[in-house]
């Protein structure tokens with residue numbers, strides 16, 4: 001697998017999304033990257049998992065051009081059937097599609113067709129994608145992830161600005177899968193560092 005194929009994925013995302021959606025997906029990709037960077041020791045993601053996560057982040061909302069409510073399903077279909085993404089090996093495309101379809105409340109039924117080890121790896125990808133998506137949806141577009149810390153019982157995410165109540169509720173809801181998988185509670189701390197700039 002050539003991981004430089006992310007360029008084809010980013011081009012496909014840009015060409016099949018509104019500017020607002022594309023910008024959101026790039027924020028989600030960036031939050032995903034930062035979470036992986038900060039928590040690599042705990043997460044132990046392989047290069048393949050990272051590629052699947054970054055690709056899923058860059059593509060998770062492309063189906064909104066077809067149907068806003070059912071977009072996870074349509075996003076998966078677009079990923080699997082698009083000629084522009086033929087360069088991505090079928091197995092990897094399938095895993096990206098499963099992660100994308102699972103980025104909201106429901107896990108894709110295709111997840112349960114995977115072998116146990118692959119299922120566990122993709123559930124970990126989905127758990128990060130959901131958190132990054134919640135952060136990327138924040139109405140505070142200046143929001144940045146400053147740091148993550150791991151304690152015995154918690155994962156502490158340090159943000160540079162506070163989330164409004166609706167965004168915080170979304171983050172807590174989307175963090176449930178992560179908390180289940182890693183058996184740690186997600187704690188959010190705000191450092192209002194942007195006020196000091």
Within a 10 angstrom radius of the beta carbon, how do 152, 110 rank from fewest other beta carbons to most? 152, 110
Nearest 10 degrees, 0 to 90: helix 19-43 Cα axis against the chain principal axis: 70
Assign one of three labels to the stretch 90-195, namely rounded, prolate or oblate, based on the Cα gyration tensor with a ≥ b ≥ c the square roots of its eigenvalues; rounded applies when a/c is under 1.5, prolate when it is not and a/b is larger than b/c, and oblate otherwise. prolate
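Just want the ordering: 56, 75, 138, from fewest to most Cβ atoms lying within 10 Å of their own Cβ.
Values: 56 32, 75 26, 138 21.
The order, fewest Cβ neighbours first, is 138, 75, 56.
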Hey, what angle do you get for helix 71-81 against the long axis of the chain, alpha-carbon based, 0 to 90 degrees rounded to 10? 40
For helix 116-136, report the angle its Cα long axis makes with the longest principal axis of the Cα atoms of the chain; keep it between 0 and 90° and round to the nearest 10°. 60
Let me have the relative contact order for the chain, percent, based on Cα pairs under 8 Å that are six or more residues apart. 20
Answer with a single label: of (1) 45, 43, 32; (2) 47, 37, 30; (3) 68, 40, 26, which was calculated as Cα extents along the principal axes in Å from the structure in view? (2)
Which value at 222 nm does the chain reach when only helices count, each DSSP H run of 4 or more adding -39,500 (n - 2.57), with the total divided by all residues and rounded to the nearest 500 deg cm²/dmol? -17500 deg cm²/dmol
Rounded, prolate or oblate for the stretch 7-107? Axes are the square roots of the Cα gyration tensor eigenvalues, ordered a ≥ b ≥ c, and the cut-off for rounded is a/c under 1.5. prolate
Can you list, bin by bin at 10 Å, the percent of alpha carbon pairs in the stretch 104-157, starting at 0? 19, 38, 31, 12, 0
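Each reported figure results from applying straightforward, stated rules to the coordinates on display, with no laboratory input. Model, not experiment: these values are computed from the prediction. All Cβ positions, even for glycine, are placed from backbone atoms using ideal geometry, and neighbour counts span all protein chains on display.
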